[in-house]
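Trainee: Please read through the structure below; I'll follow up with questions.
The values are calculated or read from the model by the stated rules, or taken from the named source; none is laboratory data. From a predicted model like this one, the values you see are computed outputs, not experimental measurements. Glycine gets a Cβ as well: all are built from the backbone with ideal geometry, and neighbour counts include every protein chain shown. To get the accessible areas, we keep the full protein, side chains included, count just its heavy atoms, and leave off ligands, DNA and RNA. Shrake-Rupley method; radii C 1.70, N 1.55, O 1.52, S 1.80 Å.
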Amino acid sequence: MLKIRNITVQYNKKDKPAVEDFSLNIKQGEICCLVGESGSGKTSVVRAVQGNLPGQGCVSQGDILFEGQSLLNYTENEWRKIRGTEISMIFQDSGAMMNPIRTIGSQFVEYIRAHGVYTKRQAWVKGVQMLKSVRLPDGEQIMNSYPFQLSGGMKQRVGIAFAMFFQPKLLLADEPTSALDVTTQAQIVRQMMKLREDYGTSIIMITHNLALAAYMCDHIVVMKDGKIADSGDRNHILHNSQAEYTKELLSAVPSLGGGYYV
Ligand SMILES: Nc1ncnc2c1ncn2[C@@H]1O[C@H](COP(=O)(O)OP(=O)(O)OP(=O)(O)O)[C@@H](O)[C@H]1O
Ligand SMILES: [Mg+2]
């Protein structure tokens, strides 16, 4: 469903590209994790897929095909139709994406009605239900709050509720749970996996947490300096990889009784 073909991402023509010769194929219902050190280009890859590179960022070479169509040729209008419904993204810091002077409820209702046929009341009820499913039990109160009245983890869960609302075909998640406590993290991860089970959602997940990657993913891509250092199915990467950098990453994972925690 998604084919990333040898892309180069550049923020500035003079500088070294942020991502070079990156390729990845994802089938329907597949979960792929991108791991690698800070600055290795993970966010740049998913933002390129989402047509949302900041500043002067652009895909200067290669192509990105979503269900056979090049996303690089999409107009802003075409993007507006599929962003949120077919391809949606959970950001590392969801709070930053919210309007600080409007309540969560007014933003959520507007978002739901922009993409689906609902009355205001229906959108409100659906929004509250969705908040409950991301462990925000008092959905009504959250809907009536302004972003500044919520904790970082609560805002993150609101962002996750937005991104999952329309059961997208492709979910891009940039460290979605690193701001959350482990119980909530586990709940959200299970919910992402349920989205895959119920609706065949494909997921690209960025994480620093190899244990999480091991738990969730079918496929793992290890990035370093803007390039793919290693790539393969989960078991291969965790148990048989010969790549030096992967071995280094794995050796940093605590081990117990000779077995990695992963
Ligand atoms: N808006 C931007 N303008 C210019 N350069 C950028 C911009 N965003 C990222 N870069 C550069 O692109 C490279 C890759 O950054 P990217 O954010 O994709 O890394 P990352 O793997 O997501 O790192 P982290 O784990 O810290 O989030 C870095 O060298 C960074 O300096
Ligand atoms: Mg990043």
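Trainee: Please state which of the following conditions residue 24 fails to meet, knowing it meets all the rest: (1) surrounded by fewer than 21 Cβ atoms within 10 Å (Cβ to Cβ); (2) touching a residue at least 40 places away in the same chain (Cβ under 8 Å); (3) hydrophobic (A, V, I, L, M, F, W, C); (4) part of a helix (DSSP H, G or I).
Mentor: Among (1) surrounded by fewer than 21 Cβ atoms within 10 Å (Cβ to Cβ); (2) touching a residue at least 40 places away in the same chain (Cβ under 8 Å); (3) hydrophobic (A, V, I, L, M, F, W, C); (4) part of a helix (DSSP H, G or I), residue 24 violates only (4).
Trainee: Still on this structure: Restricting to segment 126-146, name every residue that is modelled with pLDDT of 95 or more, more than 22 Å from residue 86 (Cβ to Cβ), of a type outside the set (Asp, Glu) and open to solvent by 60 Å² or more (accessible area, probe 1.4 Å).
Mentor: Within segment 126-146, 141, 144, 146 meet the criteria.
Trainee: Have a look at 68, 84 and point out the one that is within 19 Å of the chain's Cα centre (by Cα) and farther than 16 Å from residue 8 by Cα. Give the steps one after another, and end with the answer.
Mentor: Details: 68 fails: within 19 Å of the chain's Cα centre (by Cα).
Result of the check over 68, 84: 84.
Trainee: Another question about this same structure. From the list 41, 57, 68, pick out the single residue that is surrounded by 18 or more Cβ atoms within 10 Å (Cβ to Cβ) and of a type outside the set (Val, Ile, Thr). Walk me through how you get there before you give the answer.
Mentor: Details: 57 fails: surrounded by 18 or more Cβ atoms within 10 Å (Cβ to Cβ); 68 fails: surrounded by 18 or more Cβ atoms within 10 Å (Cβ to Cβ).
It is 41.
Trainee: Hey, could you check segment 83-97 for residues that are closer than 18 Å to residue 188 by Cβ and not β-branched (Val, Ile, Thr) and say which is nearest to ligand 2 (Cβ to nearest atom)? Talk me through it step by step, then tell me what you get.
Mentor: Just the residues of segment 83-97 that are closer than 18 Å to residue 188 by Cβ, to begin with: 88-95, 97.
Those still in the list that are not β-branched (Val, Ile, Thr) too: 88-89, 91-95, 97.
Working: 88: 17, 89: 12, 91: 10, 92: 6, 93: 11, 94: 14, 95: 16, 97: 15 Å.
Out of the qualifying residues, it is 92.
Trainee: Out of 161, 96, I need the residue that is modelled with pLDDT under 95, in contact with a helix residue (DSSP H, G or I) (Cβ under 6 Å, 6 or more places away or on another chain) and small (Gly, Ala, Ser). Which one? Show your work before the answer.
Mentor: On the way: 96 fails: in contact with a helix residue (DSSP H, G or I) (Cβ under 6 Å, 6 or more places away or on another chain).
On inspection, the qualifying residue turns out to be 161.
Trainee: Could I ask something else about it? Scan segment 163-187 residue by residue and report those that are buried (at least 22 other Cβ atoms within 10 Å of the Cβ), part of a loop (DSSP other than H, G, I, E, B) and within 9 Å of the chain's Cα centre (by Cα).
Mentor: The answer is 176, and nothing else.
Trainee: Hey, could you check segment 35-52 for residues that are more than 9 Å from ligand 2 (Cβ to nearest atom) and among the aliphatic types (A, V, I, L, M) and say which is nearest to residue 66 (Cα to Cα)?
Mentor: Only one residue tops the list, namely 49.
Trainee: Still on this model: Could you check segment 217-262 and list, in sequence order, the residues that are surrounded by fewer than 18 Cβ atoms within 10 Å (Cβ to Cβ), modelled with pLDDT of 85 or more and not in a strand (DSSP E or B)?
Mentor: The answer is 218, 225, 235, 236, 239, 240, 242, 243, 244, 245, 247, 248.
Trainee: How about segment 89-113: which of its residues are open to solvent by 80 Å² or more (accessible area, probe 1.4 Å) and part of a helix (DSSP H, G or I)?
Mentor: Here is the first cut: in segment 89-113, the residues open to solvent by 80 Å² or more (accessible area, probe 1.4 Å) are 92-93, 97, 100-101, 110, 113.
Passing the criteria: 97, 110, 113.
Trainee: Ok, one more. Name the residues in segment 187-206 that are at pLDDT 90 or above and polar (S, T, N, Q), would you?
Mentor: 201, 202
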